[in-house]
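Presented below is the structure to which this report refers.
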């Protein structure tokens with residue numbers, strides 16, 4: 001699979017407040033990538049490319065499961081650290097009193113014991129990745145932070161306190177580590193494109209955690225069925241009607257050198273026209289804005305203005321001729 005690296009903000013603060021509706025953008029990007037790969041001959045047929053798209057969508061869920069499993073393993077290393085210190089020939093008092101509270105963290109305990117979660121990590125084989133060195137590294141980075149010291153000093157931590165330290169481990173220790181993000185890139189080829197939506201989903205999952213209830217909904221980390229169908233239909237319809245879309249686009253390119261137009265720009269404009277003409281429930285403004293943003297992130301420096309200009313001209317003609325049919329209030333604007 002070809003690599004598409006977006007121009008993204010490296011600040012993780014932006015990832016924590018991600019609008020969940022941007023999951024559709026994540027899917028549009030995947031469709032773009034697989035249409036591009038199909039056109040470049042990376043697949044033997046469009047149907048195989050479509051299968052690859054749906055498998056790639058599953059990787060988002062696998063990565064989310066793995067991160068939860070990784071958090072569990074890092075927390076569990078507290079026990080190994082305590083055992084190592086206690087086994088010293090001449091342990092110091094602080095070695096003998098080393099806190100294993102993180103092992104008994106209520107969220108971590110439920111991750112360890114929850115049948116559905118354990119079935120899912122076994123099903124997707126995310127528990128087969130060797131983590132021992134990473135567990136030690138990240139636990140020791142966590143244990144020297146003021147936040148961790150405050151946590152183990154609490155007389156009777158609440159469920160909220162238990163979850164708060166796990167969120168800190170995820171956002172401020174793991175995501176802040178180049179070693180961790182490189183590890184995810186090596187294990188999951190989708191991480192670069194999916195990091196925003198996965199980070200949002202993990203934080204939302206932790207934020208809404210309720211003891212004995214939330215882990216029953218761990219499969220909510222997966223892409224919802226209607227979103228999966230959206231991606232599948234967008235891929236299929238864009239290919240089915242690409243000649244029609246080319247006929248609409250090419251007359252608007254009279255002042256452009258066709259051979260110098262980025263392949264991605266053509267794909268994005270065809271996908272946008274597909275949404276405008278064949279996805280009645282998606283507002284026009286949403287479609288236009290999404291493809292302009294994707295062009296800015298994934299294509300050339302001039303692509304944003306180019307895609308915007310061409311789509312604006314075609315959209316006006318389609319509206320005048322009645323070829324855009326949207327259902328519902330506010331969908332025409």
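Read-outs: derived from the displayed coordinates by stated rules, not from any lab. Note that this is a predicted model, so its numbers are computed, not measured. Neighbour counts run over all protein chains shown; Cβ positions are idealised from the backbone, glycine included.
Rounded if a/c is under 1.5, else prolate if a/b beats b/c, else oblate: with a ≥ b ≥ c from the C-alpha gyration tensor eigenvalues square-rooted, which is segment 49-148?
Note, shape of segment 49-148 comes out prolate.
Picking from 288, 314, 35, which is most flexible by a Gaussian network model of the chain using Cα springs under 10 Å?
It is 314.
Quick one: helix 46-86 against the long Cα principal axis of the chain, what's the angle to the nearest 10°, folded into 0 to 90?
Once rounded, the angle reads 20 degrees.
Which residue, 203, 289, 171, tops the fluctuation ranking in a GNM of the chain built on C-alpha contacts under 10 Å?
Between 203, 289, 171, it is 289 that shows the largest mean-square fluctuation.
Could you tell me whether segment 225-294 comes out rounded, prolate or oblate from its Cα gyration tensor? Rule is a ≥ b ≥ c as square roots of the eigenvalues, rounded for a/c under 1.5, then prolate if a/b exceeds b/c, otherwise oblate.
On the way: a/c = 2.02, a/b = 1.76, b/c = 1.15.
The shape class here is prolate.
At 0.36 nm per residue, and after removing the present C-alpha to C-alpha distance, how many nm does the segment from residue 172 to residue 58 gain when stretched out fully?
Difference between extended and current length: 38.4 nm.
Return the FRET efficiency for the residue pair residue 187, residue 244: r is the Cβ-Cβ distance, R0 is 51 Å, and the value is rounded to the nearest 0.05.
Efficiency, from the Cβ-Cβ distance: 0.80.
Take the Cα radius of gyration of the chain and divide it by 2.2 N^0.38 Å, with N its residue count; two decimals is plenty.
This ratio for the chain stands at 1.20.
Between residue 312 and residue 89, what's the calculated FRET efficiency when r is the beta-carbon distance and R0 is 51 Å? Round to 0.05.
0.10
Calculate how steeply helix 23-39 sits against the longest principal axis of the alpha-carbon atoms of the chain, using the helix alpha-carbon long axis, and give the answer as 0 to 90 degrees to the nearest 10.
Between the helix axis and the principal axis of the chain, the angle is about 60 degrees.
Label-point separation (nm) for residue 140 and residue 80, each offset 7 Å from Cα along Cα-to-Cβ?
Distance between label points: 1.2 nm.
So what's the Cα pair-distance distribution over segment 209-333, bin width 5 Å, in %?
2, 10, 18, 20, 18, 11, 7, 5, 4, 3, 2, 1, 0
Grab the Cα-Cα distance for residue 112 and residue 128, subtract it from 0.36 nm times how many residues apart they are, and report the gain in nm with one decimal. Let's see the in-between values first.
Numbers: separation 16, 0.36 × 16 = 5.76 nm, distance 1.55 nm.
Stretched fully, the residue 112-residue 128 segment lengthens by 4.2 nm.
Using Cα atoms only, what is the angle between the long axis of helix 132-143 and the major principal axis of the chain, expressed in degrees (0 to 90) to the nearest 10?
The two axes meet at around 80 degrees.
With a 10 Å Cβ neighbour count serving as the proxy for reagent exposure, in which order, fewest first, do 74, 179 appear?
Lowest count first: 179, 74.
Of the residues 48, 198, 284, which exhibits the maximal mean-square fluctuation in a Gaussian network model of the chain defined by a 10 Å Cα contact cut-off?
48
Would you please give the FRET efficiency between residue 225 and residue 278, computed as 1/(1 + (r/R0)^6) with r the Cβ-Cβ distance and R0 = 25 Å, to the nearest 0.05?
In this case the efficiency is close to 0.80.
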